[in-house]
Amino acid sequence: MSAMTDTATQAKAAAKPLMARINWVKAAPWLYTLALFALWELLVMALDMPPTILPAPSNVFAAIAKYWSPIWKNSLQTLYTTTMGFAIAVVAGLAIGLFIGWSKTIYAGLYPLMIGFNAIPKVALVPILVIWFGIGTVPAVLTAFLISFFPIVVNVATGLATIEPETEDVLRALGAKKMDIMLKVGIPRSMPYFFGSLKVAITLAFVGSVVSETVASNYGLGNMMSSAQSQFNVPLVFAGLLMLAVEGIAMYALMAWIERRMTGWAHRSTMAQ
Amino acid sequence: MSHLVSIDNVDMRYGGASGTLAVSGLTMRVDKGEFAAVVGPSGCGKSTLMKLVTGLHIPQTGVVIVGGQQVTKPVSIVGMAFQNPTMLPWRTTLENILLPLEIVERHRHRLRAHKREYVEKAEQLLEIVGLRGFGSKFPWQLSGGMQQRANLCRALIHEPELLMLDEPFGALDAFTREELWCVIRDLHAAQGVTIILVTHDLREAVFLADTIFVMSARPGRILKEHRVPFERPRDLDVMYQSAFNDMVHALHGEIAKARVVA
C-alpha cells in the first residue's frame, strides 16, 4: 500500500511544487504512525469489536483525556524508576565492562557467569527483591537495572578487547603501562560501543520496571494497567501501553542524540559532508 | 664509530619450549646514524626482529643492546611505524602526532606546561613530510599516503634515536611510495636518526639504505650483509642505473635461494 502512495506522491511532486517541498523522509515516521492508527480504527469499526476486547484509538485517546491525572502521575513514576535503574546500569555496566575488558583472565572467568545471570528471566527475581526491599519503587528500580546492564557490559568489554595489536605495540614500545593504553586508546575506543548499547539498554529498562510494577507495586504504569485490567477498563490498559511507547521512543531518541553528540568521529560518513 | 644496536647470537622462541623458533643465532650491528634495511623471504622473523630491538620481546638466549644498554624492557628511545598507520580516529592528526609525548616518561610531565613548543615541533614535522595545514584534520579525512606521512611524524615526535619501520609503504601505490621514499631519505639526512627498515621491496631497500641485511627463512638469521655503494644524496634516477639493478638482482637471487633451502 505504501509503495502505491509513494509512486502517487512522486507523480504529484513533479507536477506540484508544494508536494516537492515536503521532506517525505522526515515526514514518514509521522505519516506511518497516523496510518497505523487509522488502520486500527478502521479494523475495529469493520469487525465491530467491543471496547473490552480491542478499543479503537479514538476510545484510547478519550481514556487518556479522561484519566489524565492518574496517567500522568503513573507515567512519571515509571519514567522515574526506569531512569533510576538505567542510571545505575550505566555506571555499573561501564565499571564492570572496563573491569572485564582489562584482562583476559577476568574476561574468561566472569563472562560465563554473566551469560548465566542474563539467561535468568528477571521477572523471577522480583519476588526475591520484594522479600529484601518490600514492594514499591526499589524493586522496580533494581529490576530495570538488572535487565539493562548486561548489554552495556558486553559492549564496553568488546570495545576494550578489540584494540589493534599494532597500536598497542607502538605505545608499549614507548614505555606505556596498561593504564596508559586503557586511558588513551581502550576507553575512547569503546565509547561508540558504549553509547550504542545505551539505546538497547534504555528500552530494556522499561521492560524491567514495568514488569516489577505489575507484579509488586502500588504505583507506576504497570500497576495502573493491571488494576485497570481487573476492572475490565481495557481502554485505560491501552492508554498505559501508549504512554509506555511514547516514553520509550522519547528516551531512545535522547540516547541516539547523545550517541551522535559524544562519538561523532564514529559516524564519519555523515560528518564528512 | 659506536654501535647503536647490537644483537648477539639471539634465539627467540614463541609459545614455550616446544614452540616455534622464530630467529636463531641472530647477530647484527647497526651504527649510530646508519640507515639499515632488513630483507628476506616472508615469515623469516623480520617482525620478531622489530620486537626484539624495541624490547617488546625479550630473547631466551643472546643479548640485545640498544643505546649502550641491554634490553630487558621496552626502550623509549625508539619510534615505530607499521604498514597500518593506526591513527586514532577520535583525535585530530596533530593530537595523534602528540600522542607519544603523553606516554614517554621524560616528556609526559612537561607536556602541559610546554604545549606550544611541542605543537610547533609537530607542525615543523608536518611541514617536512608535506602535510602543512593538515594538523586539524581527522585521520580518516586524509588519504592512505597522507596518513602514513602523519604516522612517520608520530614516530619521530619524541626525537627517538632509532626509528623502526615495518613495511611502512607496503599498502601504497607506486607513485606515493616513491614520494615517501624521498621523505624518509630527507628525514634521515636532516635529523641524523638511525633507521632500521624492514621491507619486502628490494628496490626500496637499495634506494634508501646504507647497509642491507639478508635474512634466512625461519628460523631467521642474517645470511649476508651488503654495503650499498651509491653516493648520497641519492636521486630517484639512481634506480635506473645498471649498478642499481644489478644489486637488486643479486639480492633477489639470494632471497630466492633462501626460500628454496627452507
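Brief remarks follow.
- Under the Karplus curve 6.51 cos²θ - 1.76 cosθ + 1.60, θ = phi - 60°, whole-Hz ³J(HN,Hα) for segment B:172-181, x wherever Gly or Pro sits: 9, 6, 4, 6, 4, 4, 4, 4, 6, 4
- Test item: A:173-182 mean partner chain Cβ contacts at 10 Å: 6
- For segment B:223-262 versus segment B:91-148, the inter-centroid distance based on Cα atoms is 35 Å.
- Principal-axis tilt of helix B:144-156 within chain B, Cα atoms, nearest 10 degrees: 90
- Average beta-carbon neighbours from other chains, 10 Å sphere, peptide A:159-166: 2
- Taking a ≥ b ≥ c as the square roots of the eigenvalues of the Cα gyration tensor, chain A is classed as oblate, since a/c reaches at least 1.5 and a/b does not exceed b/c.
- Beta bridges by DSSP in the protein assembly as shown, antiparallel share as percent, to the nearest 5: 50
- With Cα atoms, 0 to 90° folded angle of helix A:220-230 axis to chain A main axis: 40
- In degrees, nearest ten, helix B:115-128 long axis to first principal axis of chain B (Cα): 60
- Remark: mean inter-chain Cβ contacts per residue of B:107-114 equal 1, using a 10 Å Cβ-Cβ cutoff to other protein chain atoms.
- Spin-label model, A:PHE133 to A:TYR252: label points 7 Å out along the Cα-to-beta-carbon direction sit 2.6 nm apart.
- Sites A:TYR111 and A:LEU18, calculated FRET efficiency, Cβ-Cβ separation with R0 56 Å, nearest 0.05: 0.45
- Nearby lysines by direct alpha-carbon distance to B:LYS73 (threshold 27 angstrom, same-chain neighbours under 8 apart not counted): A:LYS104, A:LYS177, A:LYS178, A:LYS184, B:LYS32, B:LYS46, B:LYS51
Every number here is computed from the coordinates shown, using simple stated rules; none is lab data. What you are looking at is a predicted structure, and each value in this text was computed from that prediction instead of being measured. Glycine gets a Cβ as well: all are built from the backbone with ideal geometry, and neighbour counts include every protein chain shown.
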